[in-house]
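Student: Starting off with a structure, shown below.
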Amino acid sequence: MHPAITKDAVAVVTGAASGIGLAARKFASLGLRVCLADRGGARLDAGETDLRAEGHDVLAVAADVADRDDVVRLARTVD
């Protein structure tokens, strides 16, 4: 396993409200803290709610990775 995947590290999963977001569950199951990032909306909120209900440390952030300001804000949020 990659050395970056360690308990309590932070995994930022972009596109988390769609298919790739399923990776967030795997990271969480490995003990990583997870930040779900996507353009916002009900699916992003539901992903956060589901992972929290499973007892995982998770944060959802509405961010468009095509927007530099959003990416900077996202980085500051998870820092």
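Student: Restricted to segment 1-18, and to residues that are modelled with pLDDT under 85 and over 22 Å from R76 (Cβ atoms), which residue is least open to solvent (accessible area, probe 1.4 Å)?
Tutor: S18
Student: Moving on to the next point. Across segment 28-66, what is the number of residues that are closer than 18 Å to T6 by Cβ and among the basic types (K, R)?
Tutor: The number of residues fulfilling the criteria is 1.
Student: Looking at L36, is it in a strand (DSSP E or B), surrounded by fewer than 17 Cβ atoms within 10 Å (Cβ to Cβ) and either among the β-branched types (V, I, T) or under 10 Å from the mean Cα position of the chain (by Cα) (or both)?
Tutor: Considered against the rule, which asks whether it is in a strand (DSSP E or B), surrounded by fewer than 17 Cβ atoms within 10 Å (Cβ to Cβ) and either among the β-branched types (V, I, T) or under 10 Å from the mean Cα position of the chain (by Cα) (or both), L36 comes out as no.
Student: For V65, state whether it is of a type in the set (A, V, I, L, M, F, W, C), assigned to a helix (DSSP H, G or I) and over 9 Å from the mean Cα position of the chain (by Cα).
Tutor: It is false that V65 is of a type in the set (A, V, I, L, M, F, W, C), assigned to a helix (DSSP H, G or I) and over 9 Å from the mean Cα position of the chain (by Cα).
Student: Follow-up. Does L59 satisfy the condition of being within 12 Å of the chain's Cα centre (by Cα), in a helix (DSSP H, G or I) and modelled with pLDDT of 95 or more?
Tutor: Here the answer is no, as L59 does not meet what is asked.
Student: Considering only residues of segment 19-33 that are at pLDDT 85 or above and not in a loop (DSSP other than H, G, I, E, B), which is surrounded by the most Cβ atoms within 10 Å (Cβ to Cβ)?
Tutor: The extreme case among them is A24.
The values are calculated or read from the model by the stated rules, or taken from the named source; none is laboratory data. Computed from a predicted structure; not experimentally measured. Cβ coordinates were reconstructed from backbone atoms using ideal geometry, including for glycine residues, and neighbour counts include every protein chain displayed. Calculation scope for accessible area: heavy atoms of the full protein, side chains included, ligands and nucleic acids excluded. Shrake-Rupley method; radii C 1.70, N 1.55, O 1.52, S 1.80 Å.
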